[in-house]
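Here the structure is laid out as structure tokens; the discussion comes afterwards.
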Ligand code: HEM
């Protein structure tokens, strides 16, 4: 049983992240070289605009802020621990992260309902879109579960997740930080790797096409540069 747990941990926390990042870089670069014009979110704004706005805008503000928080805790863990050394500052950080996480869930939920309910939008939604939407939702919900059930995650992220992630970067993986973590934390991390793995095969690639003015430009209608499926 112990052996099985060791294999499980080694597979999901050593092999999977390397496979995910390797695929991410290789396929992303190759796709850009060969099929540059597929680097798009394939906007469906022209099919339906109102629900699109109320889903996508809160989702993007929420997820961008939460991901920025993860990156800051990865890059400057000491400063995060210093900030959290005063309880009030810790509460402010944790509460703000939670608010943005909930904003992202509400936005993503609205975007999913729109894709189900608006027949024109449903028609142009691929299987991969649904897989990505489901994984994103799972990522947000497990993140919120972790934040609520195991409090002060911003501090223990800095002391456990950050050294683990740096050990991967240094090609000297140390999973001792992760092996004793509860199941929901493990699921949150594994699901993040799955998202990174599928990133280059999905419309998530639009993130890499900067400038990315969706969030502040005036409303505009976007046409696809793609033949319809049945043409
Ligand atoms: C696709 C990438 C990821 C997304 C979208 C994501 C999303 C989230 C969300 C929405 C939360 C809740 C925020 C809060 O209320 O505090 C969260 C919390 C958390 N995530 Fe992630 N996450 C990602 C990757 C990761 C990875 C790779 C790790 C660790 C190796 C990780 C570790 C944590 C921890 C420890 C918390 C709790 C933080 C706290 O309580 O303040 N996440 N994540």
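All of the numbers you see were taken from the coordinates with simple rules; none came from a lab. In this text the structure is predicted, and so the values were computed from the model without any measurement. Don't worry about glycine lacking a Cβ; one is built from the backbone with ideal geometry, like all the others, and counts go over all protein chains shown.
Given a Förster distance of 22 angstrom, what is the FRET efficiency for residue 61 paired with residue 137, based on the Cβ-Cβ distance and rounded to 0.05?
Working: r = 17 Å, r/R0 = 0.76.
With a Förster radius of 22 Å, E is 0.85.
Using a ≥ b ≥ c from the Cα gyration tensor of the stretch 49-129 (square roots of the eigenvalues), is it rounded, prolate or oblate, where a/c under 1.5 gives rounded and otherwise the larger of a/b and b/c decides, a/b for prolate? Since a/c reaches 1.5 and a/b is larger than b/c, the shape of the stretch 49-129 is classed as prolate.
Determine, from the Cβ-Cβ distance of residue 26 and residue 175 and an R0 of 25 Å, the FRET efficiency 1/(1 + (r/R0)^6), rounded to the nearest 0.05. Intermediate results must be reported in sequence, preceding the final value.
Details: r = 24 Å, r/R0 = 0.97.
Using R0 = 25 Å, I get an efficiency of 0.55.
Summarising the label geometry, the points placed 7 Å from Cα in the beta-carbon direction at residue 128 and residue 74 lie 2.2 nm from one another. Distance between the 7 Å Cα→Cβ label points at residue 106 and residue 5: 4.0 nm. Taken over the stretch 2-209, the ratio of Cα radius of gyration to 2.2 N^0.38 Å equals 1.09.
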